[in-house]
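The structure appears right after this line, and notes come after that.
No value in this document is a laboratory result; all are computed from the given coordinates. From a predicted model like this one, the values you see are computed outputs, not experimental measurements. Cβ coordinates were reconstructed from backbone atoms using ideal geometry, including for glycine residues, and neighbour counts include every protein chain displayed.
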Amino acid sequence: MRHERKGSAVTAFITGELDHFSAQQVRRELDALIAQPGVKTLILDFGEMTFMDSSGIGVILGRYREMRSRGGSVCVRNMNAQVDKVFTLSGLRQVIQII
Amino acid sequence: MEIINQMKLSFLSVPENEGFARVAVSAFAVQLNPTLDMLADIKTAVSEAVTNAIVHGYENQLGMVQIEAFLWENGVLELNVTDRGKGIPDIKKAMEPFFTTQPEKERSGMGFSVMQTFMDQVDVESKPGEGTCVRMRKRLRGAE
């Protein structure tokens, strides 16, 4: 997973499909990123993600809870229409900022 | 009303087959000339049903998942996703948004809600110890 670090924010570029099959690997890589010292904001860039189902919601919610527990936040950007539909249905729009 | 085409797909309950299943079903559904949004809806609903079979039906043990797909002459796609796993003791509870038996594994509990939102009709039949069948329908052509 490609990522960029700018100050206290780290951006993770999720590529391909985020489903139950890929969720464990994505979760592991995201957890390694947010474990870096000084990370306060996790930005999930979905511009290169082609598919997401509710397994992806679980991954995002888990990282949101982890970041919130340490006083940080999670943002998402570049969602396509299909991902946006799943995202909205899950209620994530109420807790996660879209930038 | 007549069936104009049908197919049956059977595969092992391994997560690698989740993507295979949704691509296979969407390729079959293309015959009804759905929009790209409709195809995305179908892929998402299939992914949820197959994931439920693998994660909850078989609890990550090996078994067979079967998908039957029917194209009806009125433009409706019908899907039956069946497993012979542990079954669902309380279907009504299982279909409640955010209900999950595996919160520690970061399951969102949104699988059935996604299916219900993305398809026109979702019905579930299940018997504990015998398995589950999720029946879904979506009109792909002739919708007003």
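I need to check one value: relative contact order of chain B, counting alpha carbon pairs closer than 8 Å and at least 6 residues apart, in percent. Taking the mean separation of contacting Cα pairs over the length of chain B, I get 28 percent. Put a plus charge on the Cβ of each Lys and Arg, a minus charge on the Cβ of each Asp and Glu, and nothing anywhere else: the dipole of chain A about its Cα centre is then about 460 debye.
Averaging sequence separations of C-alpha pairs under 8 Å and six or more residues apart, then dividing by the length of segment A:2-98, give the relative contact order as a whole percent.
On the way: 151 pairs, mean separation 28.1, N = 97.
Once normalised by length, the contact order is 29 percent.
Inter-chain Cβ neighbour count for A:10-19, averaged per residue, equals 2 (cutoff 10 Å, partner chain atoms only). What shape does segment A:2-98 take by its C-alpha gyration tensor, where a ≥ b ≥ c are the square roots of the eigenvalues and a/c under 1.5 counts as rounded, a/b above b/c as prolate, and the rest as oblate? Here segment A:2-98 falls in the prolate category.
Computed from backbone phi, the HN-Hα couplings of segment A:49-62 come to 9, 9, 7, 8, 10, 5, 4, x, 4, x, 5, 5, 4, x Hz, rounded to whole numbers (Karplus: 6.51 cos²θ - 1.76 cosθ + 1.60, θ = phi - 60°; Gly and Pro given as x). Given R0 = 30 Å, the distance between the Cβ atoms of B:Lys93 and B:Gln66 translates into a calculated FRET efficiency of 0.75. Here the Karplus relation 6.51 cos²θ - 1.76 cosθ + 1.60, evaluated at θ = phi - 60°, turns the backbone of segment B:75-86 into coupling constants of x, 9, 9, 10, 10, 10, 10, 10, 10, 10, x, 6 Hz, with x for every Gly and Pro. Within the shell of other residues whose beta carbon sits under 15 angstrom from the beta carbon of B:Met7, the net charge comes to 0, with Lys and Arg scored +1 and Asp and Glu -1. For chain B, the mean residue ellipticity at 222 nm estimated from helices alone is -9000 deg cm²/dmol, where every DSSP H run of n ≥ 4 contributes -39500 (n - 2.57) and the total is divided by all residues, rounded to the nearest 500. A simple rule links phi to the HN-Hα coupling: the Karplus curve 6.51 cos²θ - 1.76 cosθ + 1.60 with θ = phi - 60°, which for segment A:64-81 gives 4, 5, 5, 5, 5, 5, 10, x, x, 8, 10, 10, 10, 8, 6, 7, 7, 5 Hz, with x for Gly and Pro.
The fraction of Cα-Cα pairs per 10 angstrom bin, counted from 0 for segment B:3-139, comes to 13, 47, 33, 8, 0 percent, rounded to whole percents.
Run lengths n ≥ 4 of DSSP H only: what is the helix-derived mean residue ellipticity at 222 nm for chain A, with -39500 (n - 2.57) per run over all residues, to the nearest 500? Write down the numbers at each step before the final one.
Working: 3 runs with 40 residues, N = 99.
Mean residue ellipticity, 222 nm, calculated: -13000 deg cm²/dmol.
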